[in-house]
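So the structure is just underneath, and the comments pick up after that.
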C-alpha cells in the first residue's frame, strides 16, 4: 500500500475519531476498506479541484455581454482529448479491480469459520449459540473467522457492524450470510464499576442505559450492531452489540451463563431477563404504553377482546399459546405481526415469562377464575385445559 495514500486518512481518522469520521477499525476488513475509500476519495479530489478551477476560469474568461452574438471558434486537439478520455479510465479500472477484490474477500468464507445463526424480527435480533441459548447480543472470539447465517421472519432487514466494515441484507424466504474476523478484543470493566452501574440503574428504576454506560450488563465494552434497512415503526430501535472475547473459554463461560435459569434464581427474575433478552420489550411495554403489541401491564389475568370478536381470559395457557402460536388469538386493535417462538423457548423459559407477567400485570388472583367482577359473561379456559402452567422439574 503506497504510504502517500495511506498517511492522510490514518492521521485524520485518529484525530477525528470522536467526530465519527470513521468508527474504530476492529476487523481484517477495516484496514483494506478504509484504504480503498481513501484512495477513491483522493482520486476524486485530484480531478475535482482542477475541473472546478477550469469551470470558473472559463466562465469568467469567455463571458460575453448580454445580447452579444456568439462566436464560432471550435477547435480540435487530439492529444488533449485522448489524454482526458484515456487517462481517467486507468483510475476507473483500478478502482474496479480493487473493489472487486474487496467484494470477493467479503463473500469468500474461510474454512473452519465459526457458524452462528441469526434471526431478524421486527424489531429485535436473535443470535443462536446452540443448545437452546439465544441472546440478542453477538459474542465472538478474537482473531477467529466468524460466519453469520442469517434469515428474516418477516420483512427485509440489514445487519451492519460499523467497526467491522461489514454489512449484509437479510431477505425473508431465504438464507444469507456474511463473515468477518475481529482483531480488537472487548475490554472488561472492573467489578466495582459494574456493580456501581447496576446499583444506579436499580435505584433509578430504569433499564440499562447503553449509550451512557458504554458497556454491557456483563461488564464488556462493545461494538454497535444496527439494522440499516427501514423495516417499520421501530426500525431505529433495532440495535444490538458485538462483544469480542479474548479466549474461547471466556466465550463458553458467557454462553453457559445464559444457557438456562441459574440455580436458585426466581422464575419471575429470569423471566424479566428473557423479556429484555428475547426482544419482548421492543413491542410490549410494562407501563401501559401502547406499542406494536399490547402492554404486559394489561395482560395477565384480565379479559382480552380478540379480532375474531371473542373474549378470553389471559391466563397461563393463553400466554403460552400466544408465545408459541401468536396468530391463533390476536388481540383486538393489533396486527398479527408477532413471530412464533416455537422451538426457541424451553418449558422453563415459558414458565418464567408467565411468572414475570404476573408481577407486572394489573390483576387480582381471582380474576382468572371468576372473570370481571361486574358480572359480565367472560369466557374461561376451554374444557379440558388446565388454568395453570406446570413448574418444570
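Considering every residue within segment 116-125, establish whether at least one is assigned to a strand (DSSP E or B) and touching a helix residue (DSSP H, G or I) at 6+ places or on another chain (Cβ under 7 Å). For segment 116-125, residues assigned to a strand (DSSP E or B) and touching a helix residue (DSSP H, G or I) at 6+ places or on another chain (Cβ under 7 Å): present.
If you check 59, 83 for being free of Cβ contacts under 8 Å to residues at least 40 places away in the same chain, under 30 Å from residue 35 (Cα atoms) and in a helix (DSSP H, G or I), only one passes: 83. Within the option set 332, 314, 328, being over 22 Å from residue 274 (Cβ atoms) and either over 30 Å from the mean Cα position of the chain (by Cα) or modelled with pLDDT of 75 or more (or both) holds for one residue only, 332. Any residue in segment 43-54 that is free of Cβ contacts under 8 Å to residues at least 60 places away in the same chain and assigned by TED's automatic domain parsing to the domain that holds residue 95 sitting within a Cβ distance under 8 Å of a residue that is in a helix (DSSP H, G or I) and surrounded by 10 or more Cβ atoms within 10 Å (Cβ to Cβ)? List the pairs, counting only those 6 or more apart or interchain. These pairs meet every condition: 43/91; 43/95; 47/88. Of the residues 324, 251, 274, the single one that is surrounded by fewer than 16 Cβ atoms within 10 Å (Cβ to Cβ) and either under 30 Å from residue 221 (Cα atoms) or in contact (Cβ under 8 Å) with a residue 12 or more places away in the chain (or both) is 324. Candidates 98, 92: the one that is surrounded by 13 or more Cβ atoms within 10 Å (Cβ to Cβ), part of a helix (DSSP H, G or I) and modelled with pLDDT under 95 is 98. Scanning segment 163-213 for residues that are over 16 Å from the mean Cα position of the chain (by Cα) and surrounded by fewer than 11 Cβ atoms within 10 Å (Cβ to Cβ) yields 173, 174, 190, 191, 192, 199, 202, 203, 204, 205, 206, 212. Can you find a residue in segment 151-162 that is in a helix (DSSP H, G or I) and either over 28 Å from residue 286 (Cβ atoms) or at pLDDT below 90 (or both)? Within segment 151-162 (the criterion being in a helix (DSSP H, G or I) and either over 28 Å from residue 286 (Cβ atoms) or at pLDDT below 90 (or both)), the answer is yes, since at least one residue qualifies. Condition first: within 15 Å of the chain's Cα centre (by Cα) and surrounded by fewer than 16 Cβ atoms within 10 Å (Cβ to Cβ). Can you find one or more residues in segment 132-145 that meet it? Looking through segment 132-145, none of the residues is within 15 Å of the chain's Cα centre (by Cα) and surrounded by fewer than 16 Cβ atoms within 10 Å (Cβ to Cβ). For residue 168, the conditions (1) touching a residue at least 60 places away in the same chain (Cβ under 8 Å); (2) in contact with a helix residue (DSSP H, G or I) (Cβ under 9 Å, 6 or more places away or on another chain) all hold with the exception of (1).
The values are calculated or read from the model by the stated rules, or taken from the named source; none is laboratory data. No experiment lies behind these values; they were computed from the predicted model shown. Quick reminder, even Gly has a Cβ in these numbers, built from the backbone with ideal geometry, and neighbours come from all protein chains shown.
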